[in-house]
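Participant: If you scroll down you'll find the structure; I have some questions about it.
The values are calculated or read from the model by the stated rules, or taken from the named source; none is laboratory data. What you see is a predicted model, and the numbers here were worked out from it, not measured in a lab. Neighbour counts run over all protein chains shown; Cβ positions are idealised from the backbone, glycine included.
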Amino acid sequence: MLMQWGLDKADQLGVDMFIEAVDDGQPLYAKHGCKLLSTVYLRSEVQQPSVRWKELEAQVQAPLHYHLMWRPARGLKEALVGSGEESGAK
């Protein structure tokens, strides 16, 4: 319900959406027309880390990552049709 509201609002305004998704959220966004652009890894390496630093890294399961996703205004399918990509035309 909230996802549909956001999609409708973006379409109404004619703006693209950029999403930072976690692993569990990526399929939901893909189902709603978002395309994966990149997976970003956040590295937590430091020189001579303390014992506490190593404990925290283990706790948060470093390295952390997220998926950068994009949905053009009015959805991916409409953007591809408008560009001729979906039909194979160039």
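Participant: Within the set of pairs 6+ apart or on separate chains, which have a first residue in the stretch 10-30 that is under 13 Å from Met69 (Cα atoms), a second that is surrounded by 10 or more Cβ atoms within 10 Å (Cβ to Cβ) and among the hydroxyl-bearing types (Ser, Thr, Tyr), and C-beta atoms under 8 Å apart?
Facilitator: Pairs that qualify, where the first residue is under 13 Å from Met69 (Cα atoms) and the partner is surrounded by 10 or more Cβ atoms within 10 Å (Cβ to Cβ) and among the hydroxyl-bearing types (Ser, Thr, Tyr), are Ile19/Tyr29; Glu20/Tyr66; Ala21/Tyr29; Ala21/Tyr66; Val22/Tyr66.
Participant: When the stretch 16-33 is examined, which residues are found to be charged (D, E, K, R) and surrounded by 10 or more Cβ atoms within 10 Å (Cβ to Cβ)?
Facilitator: Asp16, Glu20, Asp23
Participant: Got a sec? Which of Leu36, Leu13 is over 14 Å from Ala73 (Cβ atoms) and surrounded by fewer than 16 Cβ atoms within 10 Å (Cβ to Cβ)?
Facilitator: Sole residue among the options that is over 14 Å from Ala73 (Cβ atoms) and surrounded by fewer than 16 Cβ atoms within 10 Å (Cβ to Cβ): Leu36.
Participant: Right, another one. Would you check which residues across the stretch 55-90 are modelled with pLDDT under 85, surrounded by 13 or more Cβ atoms within 10 Å (Cβ to Cβ) and not hydrophobic (A, V, I, L, M, F, W, C) and list them?
Facilitator: Listed by number, the residues that qualify are Glu57, Arg74, Gly75, Glu78, Glu86.
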